[in-house]
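My questions will all concern the structure given below.
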């Protein structure tokens, strides 16, 4: 629902997804949706299938059953690079920055697509550097020499260069100091303010509940609970049941 109570049209719909790794059945009929401009949290213990859900949406893992829709269009079988061009940004748990490239060179990899003029490329760089002043200060520094928090910012910034409609964020605060965690939350809120939808996989329950409009909770490869984030608290029995917090 929007702030006015109007239903938000689904941007991403995951319907009855089953995914296998070899003979291991990882996802068991996962169904969820993210509305345009909405922040949705995906919670659960380690190993329940949260990252696999994101990889399936992004075309990195192909489901044996079910479908993924983007703005109502079937995209289940499209490869990741085509989904990126359609507006899905993805920041994996391991960040996958180019360690030997400079910050600016890393960011420009997100501009390597048809129809982006040099003027627009500069506008996007300026916008990202305004979001991340620390990256502007280190624009000529190799990505591999950045701190963990700075590398996470670079990974998010690179996804932003694609001008996505939605960003899939996988554990963006894992291993970061509290100051960096706070900055990541501010970035999520700023993106939401600009109308970018976010599907946020996190172990940080307070951050997820604070940043999200809705939350799904997974267990053993399936969605077990779905609620408005405002209806849940960190010490809620549902949170304790499925996350042991």
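Nothing in this text is a laboratory measurement; each read-out follows from the coordinates by a stated rule. Please read these numbers as outputs of a predicted model, since none were measured by experiment. Positions of Cβ are generated from backbone atoms using ideal geometry, with glycine treated the same way; all protein chains shown enter the neighbour counts.
Does the range 55-66 contain at least one residue that is touching a residue at least 40 places away in the same chain (Cβ under 8 Å) and part of a helix (DSSP H, G or I)?
yes
Restricting attention to the range 201-218, does a residue exist that is surrounded by fewer than 19 Cβ atoms within 10 Å (Cβ to Cβ), in contact with a strand residue (DSSP E or B) (Cβ under 9 Å, 6 or more places away or on another chain) and more than 27 Å from residue 122 (Cβ to Cβ)?
Yes, there is a match, as at least one residue in the range 201-218 is surrounded by fewer than 19 Cβ atoms within 10 Å (Cβ to Cβ), in contact with a strand residue (DSSP E or B) (Cβ under 9 Å, 6 or more places away or on another chain) and more than 27 Å from residue 122 (Cβ to Cβ).
I'm trying to understand the selection: among the residues of the range 103-128, which are closer than 19 Å to residue 191 by Cβ and under 20 Å from the mean Cα position of the chain (by Cα)?
Correct list: 106, 107, 110, 111, 124, 127, 128.
Taking the criterion of being surrounded by fewer than 19 Cβ atoms within 10 Å (Cβ to Cβ) and in a strand (DSSP E or B), would at least one residue in the range 89-96 satisfy it?
Among the residues of the range 89-96, not one is surrounded by fewer than 19 Cβ atoms within 10 Å (Cβ to Cβ) and in a strand (DSSP E or B), which makes the answer no.
Is it the case, given these coordinates, that residue 71 is out of contact with any helix residue (DSSP H, G or I) (no Cβ under 9 Å at 6 or more places or on another chain) and farther than 17 Å from residue 18 by Cβ?
no
Okay, next question. Hey, residue 85 hits all of (1) surrounded by fewer than 21 Cβ atoms within 10 Å (Cβ to Cβ); (2) in contact with a helix residue (DSSP H, G or I) (Cβ under 9 Å, 6 or more places away or on another chain) but one; which does it fall short on?
Exception for residue 85: condition (2).
Continuing with this model, one more query. Do we find a residue being in contact with a helix residue (DSSP H, G or I) (Cβ under 6 Å, 6 or more places away or on another chain), assigned to a helix (DSSP H, G or I) and either without any contact (Cβ under 8 Å) to a residue 24 or more places away in the chain or surrounded by 20 or more Cβ atoms within 10 Å (Cβ to Cβ) (or both) anywhere in the range 161-178?
no
Considering each of 128, 134, 116 in turn, give the residue that is over 15 Å from residue 92 (Cα atoms) and buried (at least 20 other Cβ atoms within 10 Å of the Cβ).
Among 128, 134, 116, only 128 is over 15 Å from residue 92 (Cα atoms) and buried (at least 20 other Cβ atoms within 10 Å of the Cβ).
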